[in-house]
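The structure under discussion appears below in the form of structure tokens.
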Amino acid sequence: MGQKQINKISKSLIELGLGNSERKKKINVFVFDELDSTNQWVSEHIAERGDQSLLCIAESQTLGRGRSGREWSSPAGSNIYMSFSCRPDTERKNIAAISLLIGLALIRVLKAKGLNDVALKWPNDVLVRGKKLAGILIESKRCAEHLILIIGVGVNVKMPIGFKIESEMGWSDLSSIDATPADRNALIVQFYLECEKVMRQFFEQGFSVFKQEWMSYDGFAGRDVKIIDQGELQYCGMNMGIDDSGCLLVRSDEGVKKIFSGDVSLRINNED
Ligand code: BTN
């Protein structure tokens, strides 16, 4: 890492990094200069690919989607906008927990690169020095009789100078903390492989084996928080961490309430 020139995203470098030639099951990699949304693209093309995995990356998005119907600012040039498909081996699994695992996978990769100020905010925001560095949007689609997850991740690597983003909690990028990756292709490959790894382990062992590690990165641990759903305040209390299935536990005078994954965000209680 360090302040370096950022190279273009390259399909061949990513395929090489993924070791596609040695893999029995190929990942189909697609790289575009511009798309409306990489999640949208995967959703539209997954049916043609049978049970093969798709990984789609764009240099910019015109209609980048965020959680809760928000927009994800996706200027051209030097961030990461990627989506990949995942077919859970069973629909009985606690699919919502996958969203926590993808955030954890990104944290592991960033930590391995020497970035220490990173944290998670339930369910899946990745923060650096308290500001949003990356967002994760998981959508699903039914193809024939199978449930397919479309996992979309946006990582702010280097925003154009003067670029403005509406964000309640503020945003950051790797460049402003002097951690610009020399090679986004390597970062994409490492992150994708880490996602595969955590999901494989999750399908075998469930979420509970990740719980302690996830909590060790919880940037809001023990803090007063409020839960907002669809713009409405739902609940206030203290963040007690997560349970074995990845639900957030919030304690108030009424006891401990379990908050399920979904359209919920978390904020510092005394912010207004
Ligand atoms: C969030 O609101 O925090 C989630 C943001 C997810 C953004 C990514 S960028 C790649 C993929 N394509 C989209 O349209 N959205 C996701």
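For Leu104, what charge total do you get from the other residues with a beta carbon under 11 Å from its beta carbon, if Lys and Arg give +1 and Asp and Glu give -1? Spell out each step's value before the answer.
Values: positive: Arg108, Lys111, Lys197, Lys211; negative: Glu194, Glu213, Asp218.
Once all neighbours under 11 Å are counted, the net charge is +1.
Take every Cα-Cα distance within the chain, group them into 10 Å bins from 0 onward, and report for each bin the whole-number percent of pairs it holds.
6, 30, 37, 21, 5, 0
Please compute the net charge surrounding Ser176, taking Lys and Arg as +1 and Asp and Glu as -1 over other residues with Cβ under 13 Å from its Cβ. All intermediate terms of the calculation are to be shown ahead of the outcome.
Details: positive: Arg129, Lys131, Lys132, Lys158; negative: Asp117, Asp173, Asp178.
Net charge in that neighbourhood comes out at +1.
With just the Cα atoms of segment 31-168, tell me how far they stretch along each of the three principal axes, in Å, largest first.
45, 30, 27
Cut-off 10 angstrom, C-alpha nodes, Gaussian network model of the chain. Which of Met159, Met169, Met215 fluctuates the most?
Met169
Which of Lys93/Lys158; Lys26/Lys113; Lys8/Lys93; Lys141/Lys211 have a Cα-Cα distance over 30 Å? Walk me through the numbers on the way to the answer.
Working: Lys93/Lys158 36 Å; Lys26/Lys113 27 Å; Lys8/Lys93 37 Å; Lys141/Lys211 27 Å.
Over 30 Å Cα-Cα: Lys93/Lys158; Lys8/Lys93.
Taking Cα pairs under 8 Å and at least six residues apart, what relative contact order does segment 124-221 come out at, in percent? The partial results should precede the final answer.
Details: 82 pairs, mean separation 19.6, N = 98.
Relative CO of segment 124-221 lands at 20 percent.
Please list the helices of the chain that count as membrane-span-like by this rule: a mean Kyte-Doolittle hydropathy of at least 0.5 together with Cα atoms stretching 15 Å or more along the helix axis, each helix being a complete DSSP H run. Mind showing how you got there, number by number?
On the way: long enough: 97-112 (23 Å, 2.03); 184-205 (31 Å, -0.16).
In the chain, the long hydrophobic H runs are 97-112.
Would you mind classifying segment 157-263 by shape? Square roots of the alpha carbon gyration tensor eigenvalues, ordered a ≥ b ≥ c; an a/c under 1.5 is rounded, otherwise it is prolate if a/b is larger than b/c and oblate if not. Don't skip to the answer; put the middle values down first.
Details: a/c = 2.52, a/b = 1.28, b/c = 1.96.
The shape class here is oblate.
Test of the criteria: in segment 136-183, which trypsin sites (Lys or Arg not before Pro) are in a DSSP loop and have at most 15 other Cβ atoms within 10 angstrom of their Cβ?
On the way: sites: Lys141, Arg142, Lys158, Lys164; in loops: Lys158, Lys164.
Sites meeting the loop and neighbour criteria: Lys164.
Quick check on the chain: helices-only [θ] at 222 nm, where DSSP H runs of length 4 and up contribute -39,500 (n - 2.57) each and the sum goes over total residues. Nearest 500, please. Walk me through the numbers before you get to the answer.
Details: 5 runs with 60 residues, N = 272.
It lands at -7000 deg cm²/dmol.
Only the coordinates and a few stated rules stand behind these numbers; no lab work does. Every value quoted in this text rests on a predicted model; they were computed, and no experiment measured them. Please note: Cβ atoms are built from the backbone with ideal geometry, for glycine as well, and neighbour counts cover all protein chains shown.
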